[in-house]
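Q: Below is the structure I would like to discuss, written out as structure tokens.
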Amino acid sequence: MTAGSTGERALIEHIRSRLPAHPTSLLIGPGDDAAVLAPTRGALQVLTTDALVEGVHFDRRFSSLSDIGYKALAVNVSDIAAMGATPEFVLLSLILPGGFSRTELDELLDGVLEMAAEARTSVAGGNISRSPGPLIVDVTATGSVRPRRVLARSGGQPGDFIYVTGSIGGAAAGLGALQSGSAALGGAMSGPVRRHQRPQPRLRFGSLLGRNRAASACMDLSDGLADAVRQIAEASGTGATIDASLLPIDPEASAWFANQGQDPVLAALTGGDDYELLFTVPRKLRGRFRGVQTHAQGLPVTRIGELTEAREVSLLLDGGSQPVPEGFTHF
């Protein structure tokens, strides 16, 4: 049975039947013209949206439908984390090819609901439409944060240290390995492949940064570290210096880039889909930041540079200085 033959109302009812019981703060949920939420007392609302488009953001040869559903929520939840907020609800819009089967829909929902459970967020509603071509999964996410805990890109000051969570380059290398046929799930490049298929948003760490007010600026790495450094520097009215020798490049990714004749540093800087957090910490708040690290549950955090008075965004590499390369852009 396909989406085209099932009918829109039956598809919506099937999706509703898959959703767990919603929290009491969702006063009216899926099935009405719009969701109605009870706001969190004393908190600001954070909203974000992102869409995954087949052929642009994912290739069904390399990612299962469960992976795609999982990632569609994860990339939005990552934006919530970068604001220091806690995710609450998501709106899910599915633009399905006519031949999309009920089995395929259930597999896609499996991934959506898995990520929703991990992020402790609920599907509050959404939409279904027909696509004449690619599968599109469009998500809007909401979160809440106390007023003094909001993180933005614009709060950095010259002299602030720049940090990044986890490692970089893994997702880009994983996708490259899949495209070249050199990856085997569970074998060679399995770690980077999973980074591409199922990014792990740094929810707890983003919340800790906001709660402790230890960071001056923050952004997630959707389009690469190079792009994020430039965006934070531009929004903050500063420059930045990044030390290539300090970058926490995924070891498997580094080896794969080198084997492909690519510079591991430049490839890791410009590769997207890592969904780590890049953030800045004022020198006077380093003690407060150490408290965040204590509660980070083993998540590696690396200082990679600092913001500068001069407006250049520079990379220290091989004893010299050069402009940080551009990150990924759609246009």
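Q: So what is the relative contact order of the range 226-331, in percent, for Cα pairs below 8 Å that sit 6 or more residues apart? Let's see the in-between values first.
A: Numbers: 119 pairs, mean separation 52.6, N = 106.
That works out to 50 percent.
Q: Would the range 50-121 count as rounded, prolate or oblate if I go by the C-alpha gyration tensor, calling it rounded below 1.5 in a/c and otherwise prolate when a/b exceeds b/c, oblate otherwise?
A: It is prolate, given that a/c is not under 1.5 and a/b is the larger ratio.
Q: Can you tell me the order of 13-21, 203-211, 116-124 when each peptide is scored by its average per-residue count of other Cβ atoms within 10 angstrom, highest first? Before the final figure, lay out each step's value.
A: Values: 13-21: 12.8, 203-211: 22.3, 116-124: 20.0.
For the peptides 13-21, 203-211, 116-124, the packing ranking is 203-211, 116-124, 13-21.
Q: For S321 and L299, what is the calculated FRET efficiency with R₀ set at 45 Å and r taken between the beta-carbons, to the nearest 0.05?
A: Values: r = 30 Å, r/R0 = 0.67.
Given R0 = 45 Å and the Cβ-Cβ separation, E is 0.90.
Q: Between the range 289-320 and the range 41-96, how many Å separate their Cα centres?
A: Between the Cα centres of the range 289-320 and the range 41-96 lies a distance of 27 Å.
Q: Next question, about the same structure. Quote the relative contact order of the range 1-117 in percent (integer), defining contacts as alpha-carbon pairs under 8 Å separated by 6+ residues. Please list the in-between numbers first.
A: Details: 97 pairs, mean separation 42.1, N = 117.
That works out to 36 percent.
Q: Another question about this same structure. Under a point-charge model restricted to the Cβ atoms of Lys and Arg (+1) and Asp and Glu (-1), what is the dipole moment magnitude of the range 17-90 relative to its Cα centre, in debye to the nearest 20?
A: On the way: 5 positive and 8 negative charges, 37 e Å.
The dipole of the range 17-90 has a size of about 180 debye.
Q: Continuing with the same structure: Over the chain, what relative contact order in percent results from Cα pairs under 8 Å that are six or more residues apart? It would help to have the intermediate numbers written out before the result.
A: On the way: 758 pairs, mean separation 70.1, N = 331.
The normalised contact order for the chain reaches 21 percent.
Q: Using the Karplus equation 6.51 cos²θ - 1.76 cosθ + 1.60 (θ = phi - 60°), what ³J(HN,Hα) coupling, rounded to whole Hz, does each residue of the range 295-303 give in order, writing x for Gly and Pro?
A: The phi angles translate into 9, 7, 6, x, 5, x, 9, 10, 7 Hz.
Q: A further question on this structure: Please name whichever of L209, A173, A240 sits farthest to the positive end of the charge dipole of the range 167-324, dipole taken about the Cα centre and charges placed at Cβ: Lys and Arg +1, Asp and Glu -1.
A: L209
Q: Sorted by packing (mean other beta-carbon atoms within 10 Å per residue), highest first, where do 278-288, 96-106 land?
A: On the way: 278-288: 18.5, 96-106: 16.3.
Result, highest mean Cβ count within 10 Å first: 278-288, 96-106.
Q: So with the 1.4 Å probe, I'd like the accessible area per residue for the range 1-145, rounded to whole Å².
A: Working: 6690 Å² over 145 residues.
Heavy-atom SASA per residue in the range 1-145 reads 46 Å².
Q: Between D32, D110, D263, find the one with the highest GNM mean-square fluctuation for the chain; connect C-alpha pairs within less than 10 Å.
A: D32
Q: For I242, which sequence-distant residues (separation of 5 or more, or a different chain) have an amide H within less than 5 Å of its own amide H, given hydrogens modelled in the peptide plane?
A: Answer set, sorted by chain and number: S314, L315, L316.
Q: Now a separate question. Magnitude of the Cβ-charge dipole of the chain, K/R +1 and D/E -1, about the Cα centre, nearest 20 debye?
A: On the way: 29 positive and 34 negative charges, 279 e Å.
Here the chain has a charge dipole of around 1340 debye.
The values are calculated or read from the model by the stated rules, or taken from the named source; none is laboratory data. For clarity, every value in this text was computed on a predicted model and none was experimentally measured. Reconstructed Cβ throughout: ideal geometry from the backbone, glycine too, with neighbour counts over all protein chains shown. Each accessible area value is taken on the protein alone, full model and side chains, heavy atoms only, with ligands, DNA and RNA left out. Shrake-Rupley method; radii C 1.70, N 1.55, O 1.52, S 1.80 Å.
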